Each structure stands twice: as structure tokens, then as C-alpha cells.
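First up is the structure itself, then whatever we jot down about it.
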Amino acid sequence: MTRMRLTKEEEKMLCGEEGYAAKKSMEILVALGEIYNAEALVNVGSVQVAGVSYHNLGEAGLEFLKELARDGRVKVLTTLNPAGMDLKNWRALGITPEFAEKQNRVIDAFRRMGVIISCTCTPYLIGSLPRYGEHIAWSESSAVTFANSVIGAKTNREGGPSALAAALVGKTPCYGLHLEENRAPDVHVDVKVYLKTLSDWGALGWCIGRKAENKIPYITGVGKASLDDLKSFCASVVTYGAKPLFFIKGITPDSDRQQIPKEKVTIEDQHMKEAFDSINDEVETVDLVCIGCPHCSIREVARIAGLLHSRKVSSNTELWIATSRLVKQLADEIGYTRTIESAGGRFACDTCMAVAPLKGRFKSVATNSAKGCYYSRHNGMATRLGSLEDCINAAVTGKWS
Amino acid sequence: MELRGRTIFKGVAKGEVLATSQPISFYGGVDPSTGVVVEKGHELEGQAVKGKILAFPNGKGSTVGSYTLYRMKRSYTAPAGILNQECETVVAVGAIISEIPCIDRIDLSKIETGDIVCLNNDRVRVERRKRLE
């Protein structure tokens with residue numbers, strides 16, 4: 001019945017000879033392979049697992065993870081997406097003990113399976129850096145887009161369970177973006193705007209995501225792009241509709257080898273204005289300022305510390321810096337943490353504005369992340385997208401100006 | 001009448017069909033504690049999928065939906081079987097982890113709500129037509 005070619009070892013796993021978790025995982029991988037016409041499974045170098053927040057998983061997700069953890073052990077380097085809370089500092093961020101207990105059980109199940117409890121959406125910043133051309137199985141759309149586009153690794157946009165299945169088997173079905181023929185760009189996007197801030201990159205992602213819905217954009221007209229620029233753009237372009245792969249001429253790998261697609265769109269100032277108009281709500285007082293979607297790099301933390309020097313966060317506003325625990329530890333060593341915390345800012349490690357249970361706690365949020373705005377609206381907040389400077393000013397004054 | 005499709009999760013299931021021409025999002029679209037469809041404006045809004053052979057073209061929405069199906073199975077509110085036109089990741093993974101028999105590539109125009117059908121691996125036998133009652 002199976003059309004996919006399986007090795008003897010894979011057949012054994014599918015029959016249950018390596019236990020329940022390996023059998024369930026093989027069933028998932030083979031079914032997906034059949035649905036998408038994969039010919040075989042391919043070895044993966046690393047896995048990034050999403051579906052960690054108890055807020056999204058619920059009791060059912062927790063039960064499934066506990067069942068897998070009875071005999072499941074990951075076979076490759078496997079890192080974890082953000083959880084629903086800071087695993088150490090949850091009380092200070094207003095998380096209830098009931099939620100914390102459930103979240104810790106989720107984390108325990110992953111730990112038993114041998115997953116590294118990294119709890120970040122930027123695994124490529126903290127020790128899971130694929131090589132060019134490597135097959136990987138990652139979930140977390142911003143990281144998937146970064147790995148495919150900026151690094152040139154190969155991964156589909158996995159869901160939580162399919163990524164975990166890949167980790168427990170060490171393989172993924174070879175279809176979609178694992179195949180060279182599916183990685184050619186479909187639409188030429190010529191950018192005629194000047195990109196000054198991270199929020200501009202986020203807004204550009206909004207524009208391109210909508211114009212290249214479910215397509216692979218080939219982008220020209222962009223002269224330079226820092227790590228943080230690309231990180232922000234990856235998050236936004238895929239959130240607002242594109243496939244998790246793009247090329248920027250002269251900047252990302254293979255961009256000089258691609259044929260420029262015939263279909264062409266242009267991004268001009270009016271489109272950027274449209275993006276900001278669509279993302280922004282009317283906001284006067286700001287309840288929450290959140291920086292770090294995707295998680296802040298050490299350079300971003302340094303900039304925040306610089307902007308907060310000898311200033312104080314307004315008593316009407318909370319300032320959250322979402323980042324990985326590893327980056328926070330580096331910030332501790334350097335002294336950025338002390339500057340930020342003595343100004344009244346708080347670190348939210350292991351979690352972020354997209355997955356923490358924030359609904360009903362804040363009415364408005366300011367951020368420099370276009371993706372963050374998308375998820376905050378889902379949580380019922382009025383959103384304001386601006387530069388890092390604008391956001392820190394809002395945290396200090398409690399108002400958007 | 002017997003229809004043949006592609007097995008997503010093998011097994012035998014028998015029951016009354018609940019059919020819709022609209023995709024279903026299990027995460028947010030179905031209440032796992034009751035099995036009732038709660039998506040606003042959905043054809044099946046207010047109807048319970050518990051114990052039914054649920055026939056819909058394809059899944060949609062968040063991959064968390066796979067876990068929702070699993071939770072329904074554990075709460076005894078899950079459908080007995082699933083028929084799809086073209087299965088996608090969320091429903092496929094949900095059916096596998098919940099062990100709900102699931103077949104796709106079925107011509108759903110040939111069955112309707114109220115039919116009694118039996119799923120057996122890649123086959124669907126229509127045992128009683130609603131309109132013959």
C-alpha cells in the first residue's frame with residue numbers, strides 16, 4: 001500500500017519494533033510523505049519543535065507529549081520554540097501558578113525526550129546553525145524562513161507534531177522545499193523604498209507577503225541588510241502570506257544563480273504607508289511595550305540598554321524584552337541587564353508576545369515587530385508599530401507620540 | 001455502493017454521515033469538550049461531530065488542530081471516522097495520533113448527511129441511503 005520507499009530500519013520502526021513513539025512518528029512521516037508524494041525519507045541535521053506553550057497545547061497536547069515521552073528519544077539536535085511563560089521568572093510577569101504547573105509538565109515531557117530546552121524562536125542565534133544545503137525539519141515560520149533564505153538550508157514549514165516526529169526518527173519526508181525544483185522564485189519584487197529601521201523591514205514584509213501570497217519572491221533594490229533586519233523581515237514576510245523562502249539579489253545565497261521571474265511587482269512609498277496604516281490602530285496610552293519578536297539578538301539588547309540609559313519606564317506601562325535565556329545571560333555578564341532592569345524594563349526569557357497568555361491583560365501594545373502586531377491583535381490588543389526609538393520613548397512616557 | 005480512496009489512518013468505523021462542503025478548523029472551530037462545531041457561520045455550526053463519520057473537503061487553520069482532535073478522542077467527543085476530499089497536514093496528523101480511521105480522495109458528492117457508511121482501510125461501503133428511508 002505504501003508507495004514511499006522505506007529502508008529496513010524504517011520499516012522496523014513503522015512496525016513498532018523500536019517502541020510506541022518511533023512507531024507513531026513513522027506513521028505521521030509516512031502519511032505526510034504519501035499526501036505530498038515524497039519518494040523517500042531524508043536524514044535531517046536538526047529539528048526545531050513548535051507547539052510548546054500550554055496556552056496553545058491544552059490538556060490534550062500535554063497528554064500526547066507525555067505519552068511520546070514514555071519511550072521516545074530524539075535522534076538529532078532538537079531545539080524548542082518559546083513557551084507560554086518565562087520558566088524562571090514567571091511570577092513577575094503575572095503568570096498564574098496553575099498555568100505554570102501545566103507549562104512545566106510540558107517542558108518536562110520535552111526534556112525526557114532529550115530536547116534541548118532552548119525556548120527560543122531564533123535557534124540559529126544560540127547554537128543550532130544549519131549549514132548551507134543541509135536538510136532540516138523546523139517549525140516556527142520565522143526560523144524556517146531564515147534557515148531557507150538566509151542560510152540556504154532546506155526545510156518545509158513543519159507543524160509542532162510533524163517536527164517532533166522528525167526529531168524522534170531523525171528523518172523527514174523529502175518533498176516541497178527539500179527538492180531543488182521547488183525552490184525557484186515565482187515573482188520579482190523590486191523595492192523602491194529606503195529601509196531605515198527594523199519596523200520598516202517588518203512593513204516591507206507585510207507588503208511583499210501580500211503581493212507574493214504563497215509564492216517565492218525574488219527581491220531586488222535592497223543594498224544592505226543586517227542580521228537583525230533579515231530576522232525581522234523573515235518573521236513578517238511569512239506571517240503576512242509568502243512561502244518561507246525568498247531571495248535578495250546580492251545578499252542571500254543562490255540569489256545570483258536564479259532566473260529573474262517574469263511576473264513583477266514594485267514596492268513604493270505608498271505601499272509602505274498602506275502597511276503602517278493597516279497594522280496600526282489608534283493608540284494614545286500604551287499599556288505594554290514589547291521588543292523581541294523574533295527574540296532579540298545581543299545587539300538589539302545593547303541598543304535597548306543604550307536608549308534606556310538614565311531614563312525610567314512610566315509607571316503606567318510595562319516594557320518587556322523577549323529573548324532567549326542564553327542572550328539574557330550574555331546581557332547579564334556585560335551589564336545590559338542591570339541598565340534595563342534599573343530603568344524598569346523586564347526580561348521575558350523563554351517566551352514572547354505571540355504565545356504568552358496575555359489576553360485581557362493589556363489593552364494596547366507598541367512594538368517594532370510587524371509579526372508581533374499580528375499576534376497582539378489576535379489577543380485583542382490595539383497595536384502600534386514603530387522604530388525601536390519610538391517604542392522606548394512610548395515606554396518612558398506611557399504614550400504614543 | 002462502495003467508494004475507494006487513500007488510507008490516511010487505517011481501521012474500521014461505522015456510523016451516520018455528517019457532511020459539509022466547507023473546510024473545518026479543529027483548533028478554535030470545534031469545542032473539544034462537547035464535539036460541537038462552534039465556528040461562526042459554518043454550515044455545521046451548533047452540530048455535534050461525536051460518533052459521526054465526518055465528511056468534509058479538507059482541514060484548515062493552526063497545526064494545534066491535530067492536538068484538538070486528540071483531545072476530542074480522549075473526551076469521547078471525536079468523530080468515529082473522517083472522510084476528506086484531499087487530506088492536509090493538520091487532519092492527517094490529528095487522525096494518526098488519535099487513531100481515528102481516515103480516508104481521503106473520496107468523491108464526497110456521492111454521500112450525504114444521514115447515510116450509514118462503513119469505513120474499512122481504503123474503502124467506504126454505503127450501507128443505507130438516507131433518501132431510501
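Nothing in this text is a laboratory measurement; each read-out follows from the coordinates by a stated rule. Bear in mind that the values here come from a model prediction, so they are computed numbers and not experimental data. Using ideal geometry, Cβ is built from the backbone for each residue, glycine included, and neighbour counts are taken over all protein chains shown.
Which parts of the stretch A:259-300 would a label at A:GLU333 reach, counting a residue when its backbone N lies under 14 Å from a point 7 Å out along Cα-to-Cβ?
Answer for this model: A:298-299.
Once the other residues with Cβ under 10 Å from the Cβ of A:MET381 are scored (Lys, Arg +1; Asp, Glu -1), what is the net sum? Please list the in-between numbers first.
On the way: positive: A:LYS359, A:ARG361, A:LYS363, A:ARG377, A:ARG384; negative: A:ASP281, A:ASP287.
Result for the neighbourhood of A:MET381: +3.
Which aspartates and glutamates, if any, have their Cα less than 17 Å from the Cα of A:LYS211, not counting same-chain residues under 8 positions apart?
Result set, ordered by chain and number: A:ASP186, A:ASP190, A:ASP200, A:GLU263, A:GLU268, A:ASP269, A:GLU274, A:ASP277.
Counting Lys +1, Arg +1, Asp -1, Glu -1, what net charge surrounds B:LYS73 among other residues with beta carbon under 11 Å of its beta carbon?
With Lys, Arg at +1 and Asp, Glu at -1, the net is +1.
Counting only DSSP beta bridges with both residues in chain A, what percent are antiparallel, rounded to the nearest 5?
Within chain A, antiparallel bridges account for around 10 percent of the total.
Based on DSSP, what percent of beta bridges with both residues in the stretch B:2-132 are antiparallel, to the nearest 5?
Of the beta bridges lying entirely in the stretch B:2-132, close to 65 percent run antiparallel.
So what are the ³J(HN,Hα) numbers for the stretch A:245-261, from phi and the Karplus equation (6.51, -1.76, 1.60; θ = phi - 60°), rounded to whole Hz, Gly and Pro as x?
Result, rounded to whole Hz: 7, 9, 10, 10, 3, x, 10, 9, x, 6, 5, 7, 8, 7, 6, 6, x.
Rank the residues A:LEU62, A:LEU198 as a footprinting-exposure proxy: fewest other Cβ atoms within 10 Å of their Cβ go first.
Going from sparsest to densest Cβ surroundings: A:LEU62, A:LEU198.
Got the relative contact order for chain B handy, in percent, Cα pairs under 8 Å and 6 or more residues apart?
This gives 35 percent for chain B.
Sticking with the crude label model, points 7 Å out along Cα→Cβ, report the distance from B:ASN121 to A:ASN280 in nm, one decimal please.
Going from the B:ASN121 label point to the A:ASN280 one covers 6.3 nm.
Considering the Cα positions of the protein assembly as shown, please state its Rg to one decimal place and its Dmax as a whole number of Å.
Both quantities, over Cα of the protein assembly as shown: 23.8, 81 Å.
Which residue, A:ALA184, A:ALA109, A:THR155, has the largest displacement toward the positive end of the dipole of the stretch A:60-201 when charges sit on each Cβ (Lys, Arg +1; Asp, Glu -1)?
Of the candidates, A:ALA109 comes out farthest on the positive side.
For chain A, modelled as a Gaussian network with Cα springs under 10 Å, which listed residue fluctuates most, A:SER342, A:SER141, A:SER310?
In the Gaussian network model the winner is A:SER310.
Eight or more residues apart or on different chains, and alpha-carbon atoms under 13 Å: count the Lys pairs in the stretch A:8-179 matching that.
5
Would you mind giving the average projected area, over all directions, of the Cα convex hull of the stretch A:8-179 in nm² with one decimal?
Averaged projected hull area, Cα only: 9.6 nm².
At 0.36 nm per residue, and after removing the present C-alpha to C-alpha distance, how many nm does the segment from A:ARG361 to A:GLU268 gain when stretched out fully?
In short, 29.8 nm is gained.
Among the lysines, select those whose C-alpha is under 21 Å from the C-alpha of A:LYS363, and discard any that sit fewer than 8 residues away in the same chain.
A:LYS371, A:LYS399
Answer with one residue from A:CYS373, A:ILE392, A:LEU319: the one whose Cα lies farthest towards the positive end of the charge dipole of the stretch A:315-401, charges on Cβ with Lys, Arg +1 and Asp, Glu -1.
Farthest towards the positive pole: A:CYS373.
What is the total of Lys pairs in the stretch B:2-132 with C-alpha atoms under 26 Å apart, excluding same-chain pairs fewer than 8 positions apart?
Taking the Cα cut-off of 26 Å, the pair count is 27.
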